[in-house]
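Everything below concerns the one structure shown next.
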Amino acid sequence: MSLARFFLPQTRVLICDEITAQLDALSAQALWRGLVPLARSRGMALLVISHDAALRRALCSRQISLEALPTTV
């Protein structure tokens with residue numbers, strides 16, 4: 001998990017690929033409650049990658065599912 005990049009002033013997008021998957025529910029909730037307002041105040045986008053549909057619904061203004069994308073053979 002490389003949340004250290006969050007603190008670089010030039011960071012505009014932070015890719016959050018399952019960053020709370022290994023945390024217990026309370027720790028995960030605390031991390032998101034701290035991260036989202038800070039990102040918003042800096043005008044930073046968060047790209048949230050997660051298998052947790054409830055988390056995506058709670059955090060994301062838009063969702064893209066790989067299952068919904070067309071496949072090629």
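When 48, 13 are checked against the criterion of being in contact with a helix residue (DSSP H, G or I) (Cβ under 8 Å, 6 or more places away or on another chain), under 29 Å from residue 67 (Cα atoms), touching a residue at least 12 places away in the same chain (Cβ under 8 Å) and among the β-branched types (Val, Ile, Thr), a single residue qualifies: 48.
Restricting attention to segment 12-45 and to residues that are in a loop (DSSP other than H, G, I, E, B) and under 20 Å from residue 61 (Cα atoms), the residue that is most open to solvent (accessible area, probe 1.4 Å) turns out to be 12.
The values are calculated or read from the model by the stated rules, or taken from the named source; none is laboratory data. Only a predicted model underlies this, so the values are computations on that prediction, with no experimental measurement involved. Note that we place each Cβ from the backbone using ideal geometry, even for glycine, and neighbour counts take in every protein chain shown. Just so you know, the surface numbers come from the protein's heavy atoms only, side chains and all, with ligands and any DNA or RNA stripped out. Shrake-Rupley method; radii C 1.70, N 1.55, O 1.52, S 1.80 Å.
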